[in-house]
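Below is one structure; the comments refer to it alone.
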Amino acid sequence: MGSEGNKIRCDTSFQPREPNLCANGCGFFGTAATMNLCSKCYRDCLLKKYQAPAAQAVTEKLTNLKLMAVDGFSADSRVVSPSSSSSVKSSSETQEAAAAAAKRCLACKKKVGVVGFKCRCGATFCGAHRYPENHDCSFDFKGTGRDAISKANPVIKVDKIERI
């Protein structure tokens with residue numbers, strides 16, 4: 001009696017099918033839920049489908065900007081006097097100097113590259129000098145902590161009760 005329950009009946013309507021190969025011909029198996037595509041091809045198809053309108057909008061904006069620049073009606077075109085151009089040059093020079101300084105540790109001048117640690121004092125340090133104790137940090141951690149606590153917990157005073 002127990003073996004009768006394990007037998008498969010031949011009169012069921014569900015028949016197992018052979019797996020379908022991916023419609024793109026990549027060699028993996030696809031399913032009907034993914035339009036007979038494998039998971040990788042289906043993901044790529046969805047990416048193309050959703051990124052195409054966004055890419056088209058970006059290219060339209062770029063072509064509009066190029067046309068405006070060619071016509072001379074660029075939004076960035078402005079008259080620059082000699083005194084303002086020197087101030088622009090000096091600000092760009094300071095930015096270049098700051099970028100060069102950010103690539104080296106302020107304490108030991110070691111090259112840090114991408115691995116550099118930014119401190120709250122604004123400088124970049126290597127792994128050995130990243131802690132405030134190791135580079136004589138000028139940032140006031142206690143004062144910042146006090147300010148944060150005072151803002152988070154304001155003093156609440158209850159009015160005194162008048163005695164009759």
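The values are calculated or read from the model by the stated rules, or taken from the named source; none is laboratory data. Please read these numbers as outputs of a predicted model, since none were measured by experiment. With ideal geometry, Cβ positions are generated from the backbone for all residues, glycine too; neighbour counts draw on all protein chains shown. With ligands, DNA and RNA removed, areas are computed over all heavy atoms of the protein, side chains included. Shrake-Rupley method; radii C 1.70, N 1.55, O 1.52, S 1.80 Å.
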Computed ³J(HN,Hα) along segment 111-124: with the Karplus parameters 6.51/-1.76/1.60, θ = phi - 60°, integer Hz and x for glycine or proline, the list is 5, 10, x, 7, 7, x, 9, 8, 9, 5, 6, x, 9, 10
Largest first, what is the accessible-area ranking of 125, 117, 28 with a 1.4 Å probe?
28, 117, 125
Under the rule of at least 5 residues apart or a separate chain, name every residue whose amide H is placed under 5 Å from the amide H of residue 36.
31
Want the number for residue 57 to residue 133: 0.36 nm per residue separation, take away the alpha-carbon distance, what's left?
22.2 nm
Compute the distance in nm between two label points, each set 7 Å from the Cα along the Cα-to-Cβ direction, one at residue 103 and one at residue 28.
4.1 nm
Would you please name the trypsin sites (Lys or Arg not before Pro) within segment 121-162 that are DSSP coil residues with at most 11 other C-beta atoms within 10 Å of their C-beta?
157, 160
In terms of modelled amide H atoms, which long-range or inter-chain residues lie less than 5 Å from the amide H of residue 20?
30
